[in-house]
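Data block below; observations after.
Nothing in this text is a laboratory measurement; each read-out follows from the coordinates by a stated rule. This one's a predicted model, so the numbers in the text were calculated from it and none came from an experiment. So basically every Cβ, Gly included, is an ideal-geometry build from the backbone, and we count neighbours across all protein chains shown.
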Amino acid sequence: MAIQIIGAGLGRTGTTSLKVALEILLKAPCYHMVSLAEHPEHLALWQAAAQGDDANWPALFNGYSAVTDWPASAFYKQLMQAYPEAKVLLSSRDSESWFKSCQATIFPKILSTEGDWGEMIRSVVFNSFCDDLEDRDRCIAAYEQHNEEVRNYVPADRLIEWQPGNDWQALCAGLKLAEPDQAYPYINKTKDFLARS
């Protein structure tokens, strides 16, 4: 099974909901940050990729049909080369609400998590995004720059743009798939994330 969808959107842009939605549409697993809990052996591979080493993407994503969220979104260019038939999915939201969501949820976790996992995710985020997650202006500028870079880099015929609230429509239109006869799976909202913390 090859990767069909490369998620280029950063964390807190609906990536957990997209993971579930893509699994419904493609009827196969989607790799996401939460996949690392199931595969701690992947930490060293991501850490090496963050340091610039070539990654064995087919081995890493064996059994998956899509990827979304960090750490994979930081490597969308490399993944486009590895999977030339795959579509690129850019999930995004309003910059200010994105930053507020990150500040309330994932940024404190990224900064405080210790051990191999913390080292890996900080390497990925700091090297590919921003090394000061407490600086609102720098983070928002990096977020907007990332999204614009994706739009400029990815050919129009490979790019699908999606925002929370688009439900199935934009996703299914871009994938040329019928919309499922079920509600879009909105999960992992800020209040849900905080309730689990």
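Given a Förster distance of 30 Å, report the FRET efficiency between residue 177 and residue 149 from their Cβ-Cβ distance, rounded to the nearest 0.05. In this case the efficiency is close to 0.65.
Which of the following values of percent of Cα pairs over 24 Å apart was calculated from the structure shown: (i) 53; (ii) 35; (iii) 43? Here the calculated entry is (ii). Applied to the range 52-62, the Karplus parametrisation 6.51 cos²θ - 1.76 cosθ + 1.60 on θ = phi - 60° returns per-residue 3J(HN,Hα) values of x, 6, 5, 9, 8, 4, x, 6, 5, 9, 4 Hz, with x for Gly and Pro. In the chain, helices alone account for a calculated mean residue ellipticity at 222 nm of -14500 deg cm²/dmol, with every DSSP H run of four or more residues adding -39,500 (n - 2.57).
Panel order for 19, 77, 27, 87, by other beta carbons found within 10 Å of each beta carbon, from fewest to most: 27, 77, 87, 19. Find the centroid of the Cα atoms in the range 146-174 and in the range 31-93, then give the distance between the two in whole Å. If we compute the Cα centre of each part, the gap is 18 Å.
Sequentially through the range 27-38, phi angles give Karplus couplings (6.51, -1.76, 1.60; θ = phi - 60°) of 6, 7, x, 10, 7, 8, 3, 5, 5, 5, 5, 7 Hz, Gly and Pro residues having no value and appearing as x.
For the options 90, 26, 18, a Gaussian network treatment of the chain with springs between C-alpha atoms closer than 10 Å singles out 26 as fluctuating the most.
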